[in-house]
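First comes the structure, then the notes that go with it.
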Amino acid sequence: MALAVAPLIEVSAQQGVTVDPRPNIVLFMVDDMGWQDTSLPFWVEKTPLNRRYHTPNMERLASEGMMFTQAYACSVSSPSRVSLMSGMNAARHRVTNWTLEKNTSTDRKSPVLDFPAWNVNGICQVDNIPYTYCITSLPQLLKDAGYHTIHCGKAHWGAVDTPGENPHHFGFEVNIAGHAGGGVASYLGTNNFGNRTEGKPSPLQAVPGLKEYWGKDIFLTEALTLEALKSLDKAKNLGQPFYLYLSHYAVHIPIDRDKRFYSKYLEAGLSEKEAAYAALLEGMDKSLGDVLDWLEKNEEDRNTIIIFMSDNGGFSTDTAWRDPPLHTQNAPLNSGKGSAYEGGIRVPMIVKWPGTVKPGTTCGSYLMIEDFFPTILEMAGIRKFRTVQPIDGKSFVPLLKGTGDPSKERNLYWNYPNLWGNEGPGIGPTCTIRSGDWKLIYYYQTGEKELFNVRDDMGEKQNLAAQHPAIVKKLSKDLGQYLRKVKAQRPTFKSTGKSCPWPDEV
């Protein structure tokens, strides 16, 4: 339960009404968007993909805010989203893979390992549902402090038929199309966004609601944007600040064609699949522009914080650039979604905070997805709050204000004792630590360790473990101690039934 926060009230002489001067907050979350899936380079130079894609509104937002070149999430969706909602590291909350059906693991089978009984049902705000972690959620704290809370798009925090599948249960007063599904059956209104009308059950990934768009020639990204703007039209008359979590299903597969942008990429010489993916990205970017335009038109832009983020790296796990790529590519980063390598966990991030963040700036300090929880609360002026869960995240407000660097002397941790659906370099089960410029990856199945200096070797091409045994030993100890501290899980060997060793036991 949040401690009551009395909002600061000021009187508007022009309108003769009281207003709440606390900032509105828009969190614009993209699904599966890789570090390179944009015309805005998050590196020192433009890459082939930066020149291929067209995301002018990301460029616009960056010119008005701060880009983060070392922003990290988990390597798959649900762990990242749960960490954002709870402020906890995934090793602690144990929603370490993507959720969908009740009491059902989504792990790919392994001939060697059995995977732990992780929290397959996600998170809840009640403590009597098995395989869940009970939390006090970020939107609940914002709502309790007087924010109007709006969810639009993908949720993916809890399994079907559990309380966690419904955003209303986490303090969102408005829920548009959020449910247990982590993907989309169809982006096309002509396909009813995957819903069936002939009496047959719809697939689990069919997007709920949005019936006024069924049968119409409209793309899901546009429909969600229209509904989000309608919710903002209502919010502006409520006399309280709003928190909009606009969480697009884009750019997750399937790669359906957004007709608004598809032809221009086809005419530019891209393959049909690549043109469709580029159009999917530009449709997402147009949504961002529509939100920015609404804020300016309604004179809310100077009092609205906008945070842009992706939930994990791009889908491709290719190790190097190839032409044509597998509909997306993360090079020069290694691998992609589901991987402990940078391509799976480093994501694009931008923050605009008028009057606080210097426009057109770049931050090279690292941060983690659970840091959003305390940061957003601090942005909202909520300095005292209670949660039923411990908070692992650190506020990155000092980075935004230029008053400090919370990444100094701080380690980041990942634990993925699971096996995702794709093959590729760095695909789990792994645990990982980032400490300064050094990054250690430990493979549970083999006991292998890889050490990279990610400042000098962002593509993780040179394993330095043999050259720096002392650093490997220290990071293994730090990682093992942290995992034990938060009661993290690990796989077991089928042949013996014994747990895989912790990294400091090898």
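The values are calculated or read from the model by the stated rules, or taken from the named source; none is laboratory data. The structure displayed is predicted, hence computed values, not measured ones. We place every Cβ from the backbone using ideal geometry, glycine too, and count neighbours over all the protein chains shown.
Report, ordered by the first and then the second residue, all pairs with beta carbons closer than 6 Å, sequence separation of six or more or different chains, a first member in segment 51-66 that is among the small types (Gly, Ala, Ser) and surrounded by fewer than 22 Cβ atoms within 10 Å (Cβ to Cβ), and a second member that is outside any helix (DSSP H, G or I) and modelled with pLDDT of 95 or more.
Ser63/Gly360
Here's the yes/no breakdown for (1) under 21 Å from Asp311 (Cα atoms); (2) in contact (Cβ under 8 Å) with a residue 40 or more places away in the chain:
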{"position": "Phe170", "(1), (2)": "yes, yes"}
{"position": "Ala177", "(1), (2)": "yes, yes"}
{"position": "Glu198", "(1), (2)": "no, no"}
{"position": "Gln205", "(1), (2)": "yes, no"}
{"position": "Thr225", "(1), (2)": "yes, yes"}
{"position": "Ala228", "(1), (2)": "yes, yes"}
{"position": "Lys234", "(1), (2)": "no, no"}
{"position": "Asn237", "(1), (2)": "no, no"}
{"position": "Ile253", "(1), (2)": "yes, yes"}
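Only residues that are in contact with a strand residue (DSSP E or B) (Cβ under 6 Å, 6 or more places away or on another chain) and not polar (S, T, N, Q): list them for segment 484-497, please.
Ala488, Arg490, Pro491, Lys494
Within segment 239-251, which residues are over 18 Å from Ile306 (Cα atoms), under 18 Å from the mean Cα position of the chain (by Cα) and not aliphatic (A, V, I, L, M)?
Answer for segment 239-251, where residues must be over 18 Å from Ile306 (Cα atoms), under 18 Å from the mean Cα position of the chain (by Cα) and not aliphatic (A, V, I, L, M): just Tyr249.
Residue under question is Arg455, and the condition is that it be basic (Lys, Arg) and crowded, with 16+ Cβ neighbours inside 10 Å; does it hold?
no
Name the pairs whose Cβ atoms lie under 6 Å apart, with the first residue in segment 349-373 and over 27 Å from Thr136 (Cβ atoms), the second among the small types (Gly, Ala, Ser), and 6 or more positions between them or separate chains?
Cβ pairs passing all conditions: Ile350/Ala62; Ile350/Gly65; Lys352/Gly65; Val357/Gly65; Gly360/Ser63; Ser365/Ser407.
Please work out which one of (1) among the polar types (S, T, N, Q); (2) on the phi > 0 side of the Ramachandran plot; (3) in a loop (DSSP other than H, G, I, E, B) is the condition Gln205 fails and give its number.
If we test Gln205 against (1) among the polar types (S, T, N, Q); (2) on the phi > 0 side of the Ramachandran plot; (3) in a loop (DSSP other than H, G, I, E, B), just (2) comes out false.
Whether any residue in segment 328-351 is farther than 26 Å from Val44 by Cα and among the hydrophobic types (A, V, I, L, M, F, W, C) is what I want to check. Step through it out loud before you land on a result.
Of the residues in segment 328-351, the ones farther than 26 Å from Val44 by Cα are none.
No, the conditions are met nowhere in segment 328-351.
Could you look through segment 396-435, keep only residues that are surrounded by 16 or more Cβ atoms within 10 Å (Cβ to Cβ) and at positive phi, and pick out the one that is modelled with the highest pLDDT?
Gly426
Are there any pairs with C-beta distances below 7 angstrom linking a residue in segment 93-117 that is β-branched (Val, Ile, Thr) to a residue that is exposed (fewer than 14 other Cβ atoms within 10 Å of the Cβ), with the two at least 6 apart or on different chains, and if so which?
Val112/Lys494
Quick one: is Asp32 of a type in the set (Asp, Glu) and modelled with pLDDT under 95?
no
Just to verify a result, which residue in segment 86-106, among those that are crowded, with 24+ Cβ neighbours inside 10 Å and of a type in the set (Ser, Thr, Tyr), is farthest from Gly183 (Cα to Cα)?
Ser86
So which residues in segment 255-272 are touching a residue at least 12 places away in the same chain (Cβ under 8 Å) and surrounded by 15 or more Cβ atoms within 10 Å (Cβ to Cβ)?
Within segment 255-272, Ile255, Asp256, Arg257, Asp258, Arg260, Phe261, Tyr262, Tyr265, Leu270 qualify.
Would you mind stating whether Asp217 is in contact with a strand residue (DSSP E or B) (Cβ under 7 Å, 6 or more places away or on another chain) and more than 30 Å from Ala145 (Cβ to Cβ)?
no
Need the failing condition index for His151 against (1) farther than 30 Å from Lys498 by Cα; (2) over 17 Å from the mean Cα position of the chain (by Cα), just the number.
Here His151 meets the rest and fails (2).
Based on this model, can you work out whether Ile391 counts as surrounded by fewer than 23 Cβ atoms within 10 Å (Cβ to Cβ) and under 19 Å from the mean Cα position of the chain (by Cα)?
yes
Looking at the structure I just gave you, is Thr69 among the hydroxyl-bearing types (Ser, Thr, Tyr), touching a Cys at 6+ places or on another chain (Cβ under 9 Å) and either assigned to a strand (DSSP E or B) or over 30 Å from Thr225 (Cβ atoms) (or both)?
It is true that Thr69 is among the hydroxyl-bearing types (Ser, Thr, Tyr), touching a Cys at 6+ places or on another chain (Cβ under 9 Å) and either assigned to a strand (DSSP E or B) or over 30 Å from Thr225 (Cβ atoms) (or both).
Results for (1) over 30 Å from Gln240 (Cα atoms); (2) within 16 Å of the chain's Cα centre (by Cα); (3) in a loop (DSSP other than H, G, I, E, B); (4) not charged (D, E, K, R), shown as yes or no for each residue.
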| residue | (1), (2), (3), (4) |
| --- | --- |
| Trp35 | yes, yes, yes, yes |
| Phe42 | yes, no, yes, yes |
| Asn50 | yes, no, no, yes |
| Val82 | no, yes, no, yes |
| Asn97 | yes, yes, yes, yes |
| Thr106 | yes, no, yes, yes |
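Taking Val472 and the conditions (1) surrounded by 18 or more Cβ atoms within 10 Å (Cβ to Cβ); (2) closer than 26 Å to Arg108 by Cα, which numbered condition does it fall short on, given that it satisfies the others?
So the condition that Val472 fails would be (2).
Looking at (1) crowded, with 22+ Cβ neighbours inside 10 Å; (2) at pLDDT below 95, which is the only condition Glu45 fails?
Answer for Glu45: the failing condition is (1).
Given the options Phe193, Phe172, name the one that is within 30 Å of Asp258 (Cβ to Cβ), within 21 Å of the chain's Cα centre (by Cα) and surrounded by 19 or more Cβ atoms within 10 Å (Cβ to Cβ).
Phe172
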